[in-house]
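For reference, the structure is listed below as structure tokens.
The values are calculated or read from the model by the stated rules, or taken from the named source; none is laboratory data. These figures come from a predicted structure and were not determined experimentally. For neighbour counting, all protein chains shown are included, and Cβ atoms are generated from backbone atoms with ideal geometry for every residue, glycine included. Note: areas computed on protein heavy atoms with side chains; ligands, DNA, RNA excluded. Shrake-Rupley method; radii C 1.70, N 1.55, O 1.52, S 1.80 Å.
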Amino acid sequence: MSQDTRATRAAAPDRLEVVTSPGGARTSTVGTLDAPRRGRWVDVWNPEDHAQWEGGGRAVARRNLWWSIAAEFLGFTVWQLWSIATPVLIAAGYPITTDQALWLVSVPVLVGATMRFPYSFAVAKFGGRNWTIVSALLLIVPCLGLVYVATNPGTPFWLMLTIAATAGFGGGNFASSMSNISFFFPEKEKGAALGLNAAGGNIGVAVIQFVTPFLVVAGVAASTARPAYILIPLILVAAFGAWRFMDNLSQAKADGEAWKLAARTRHTWIVSLLYIGTFGSFIGYAAAFPLLLKTQFPDVNLGIAFLGALIGSLARPYGGKLADRLGGARISIAAYAVLALGAAGAVLALQLKSLPLFFGAFMVLFVASGIGNGSTYRMIPAIFRGKTAMDDVDGLVRAKRIASACIGISAGIGAYGGFLVNRGFATSTAQFGSLQPALWSFVAFYVLCIAVTWAVYARKGALGLSERI
């Protein structure tokens with residue numbers, strides 16, 4: 001590296017530069033560079049520094065956000081690939097029982113929920129850009145797996161289930177993507193950035209459920225591989241974009257102490273329970289809905305199944321906005337109440353054998369789960385900030401760290417709810433020959449969530465908090 005380049009850096013320490021070292025390594029830095037490393041590394045990053053943010057930092061953050069959304073979108077798409085592929089394979093003549101089908105759509109949810117925990121720490125370990133590349137390329141594995149199953153009708157169920165499990169790689173992308181982007185933006189813009197990042201990923205569920213029926217030829221199992229053929233080049237583009245345009249932040253370090261503190265706080269587990277009721281419902285219903293439509297109403301056009309995931313994804317930001325105005329606890333209670341009504345409506349639809357009522361009831365479930373996702377997440381910072389005086393700077397920083405860790409923990413645990421929803425449907429069908437007992441158990445759980453939210457966060461004088469949750 002030339003002396004002229006170093007002098008330029010010293011004179012303009014707030015300007016982001018990308019420099020190629022003599023060995024060919026590309027290095028990004030804001031301020032001075034301590035030592036060259038392979039990959040694009042930003043060694044000094046402070047989005048709260050107005051001069052740095054306005055002097056190029058905002059453009060860097062947005063560039064990383066857009067490629068993060070692209071990778072996360074594909075992650076969610078692959079995560080829910082089997083939610084639509086399973087009923088299509090059944091229609092093509094694959095000898096898959098209802099219980100086996102529900103395993104095929106629930107195992108990716110289980111694996112994805114589990115992957116969220118190590119993925120949360122991967123950004124600090126390997127760098128956000130580097131991990132985005134790796135996590136994107138891992139999505140090729142489940143795509144190739146689906147191609148194999150679609151072109152080999154004799155695939156044994158155990159192998160089919162193993163291949164479906166690899167789709168769980170896509171579920172982990174949410175945790176690493178949200179963790180990475182949170183470091184790029186200042187507090188005043190972080191909420192909007194994370195909301196956009198989350199919504200961009202969630203919409204991937206709707207897209208795969210919308211596109212697949214149009215790509216598949218009725219009764220031709222091999223055509224089920226077409227979505228995978230389309231996804232693979234898109235994944236390669238996302239990985240290349242991350243390699244070419246994203247950055248690693250040296251400041252993006254895992255806060256192990258905050259995670260320990262969060263794990264020891266009962267509010268982390270209470271919020272995780274509540275998030276099972278919202279995000280668990282969203283991802284569980286999204287995974288099962290196409291299959292439920294096909295098994296309960298065999299003549300239905302699967303092309304309408306995508307609307308549930310789409311509506312739920314679009315509703316999420318509005319949940320956060322309503323919570324900002326009226327309080328997260330109030331909106332969450334309302335969301336659980338509507339979820340209970342939606343599940344009861346689905347029971348009535350099954351009793352009447354009414355497709356329009358069944359479809360409408362699930363649209364209500366998706367809207368309420370999306371609203372609840374936004375409102376529950378909004379509660380977390382307020383919960384941990386609630387007993388801290390506004391002039392206690394150190395206390396506020398500590399509360400913010402613990403809240404961030406709580407979000408990571410609840411995101412993983414909440415996703416397990418999707419697995420429980422699908423296994424609930426499977427058990428109900430196997431034991432009672434109907435979905436109704438499962439739906440009534442969901443109603444009971446939503447009532448429990450209402451009671452917990454009111455008792456802990458919404459009732460007058462709850463916790464003695466200094467602000468409305």
TODO: Counting helices only, and only those DSSP H runs with n ≥ 4, report the 222 nm mean residue ellipticity of the chain as the sum of -39,500 (n - 2.57) divided by its residues, in deg cm²/dmol to the nearest 500.
DONE: -24000 deg cm²/dmol
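In µm²/s, what is D for the chain at 20 °C and 1.002 mPa s, where D = kT/(6 pi eta Rh) by Stokes-Einstein and Rh is the Kirkwood radius from Cα pairs? Walk me through the intermediate numbers first.
Working: Rh = 23.0 Å.
So the translational diffusion coefficient is about 93 µm²/s.
Taking 0.36 nm per residue of sequence separation and subtracting the Cα-Cα distance, how much length would be gained by fully extending the chain between LYS260 and LEU357, in nm to one decimal?
Residue separation times 0.36 nm, minus the Cα-Cα distance, leaves 30.3 nm.
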Task: Fully extended contour minus Cα-Cα distance, from THR151 to ILE232, at 0.36 nm per residue - done: 27.5 nm
Task: Equivalent ellipsoid semi-axes - Cα gyration tensor, region 58-161, angstrom - done: 32, 14, 12
Open item on the list: Can you tell me, using C-alpha contacts under 8 Å and at least 6 residues apart, the relative contact order of the chain as a whole percent?
Closed with: 20
- [ ] Take every Cα-Cα distance within region 216-370, group them into 10 Å bins from 0 onward, and report for each bin the whole-number percent of pairs it holds.
- [x] 9, 25, 26, 26, 12, 2
- [ ] Calculate how steeply helix 328-352 sits against the longest principal axis of the alpha-carbon atoms of the chain, using the helix alpha-carbon long axis, and give the answer as 0 to 90 degrees to the nearest 10.
- [x] 20
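Counting other Cβ atoms within 10 Å, which trypsin sites (Lys or Arg not before Pro) in region 229-288 have at most 13 and lie in a DSSP loop?
LYS253, ARG264
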TODO: Beyond 20 Å between alpha-carbons counts as too far, so tell me which of LYS260/LYS400; LYS188/LYS460; LYS190/LYS400 fall in that bin.
DONE: LYS188/LYS460
Open item on the list: Could you work out the relative contact order of region 133-229? I mean the mean sequence separation of Cα pairs under 8 Å and 6+ apart, divided by the number of residues, in percent.
Closed with: 38
Task: Taking all pairs of distinct alpha-carbon atoms in region 399-454, Kirkwood radius in angstrom - done: 13.1
Open item on the list: Sort 410-416, 152-158, 92-98 by the packing proxy (mean of other Cβ within 10 Å over each peptide's residues), most packed first.
Closed with: 410-416, 92-98, 152-158
- [ ] For region 111-176, state the average projected area of the convex hull of the C-alpha atoms over all orientations, rounded to one decimal in nm².
- [x] 4.3
Open item on the list: Using protein chains only and a probe of 1.4 angstrom, how many square angstrom of PHE169 are accessible, to the nearest 10?
Closed with: 50
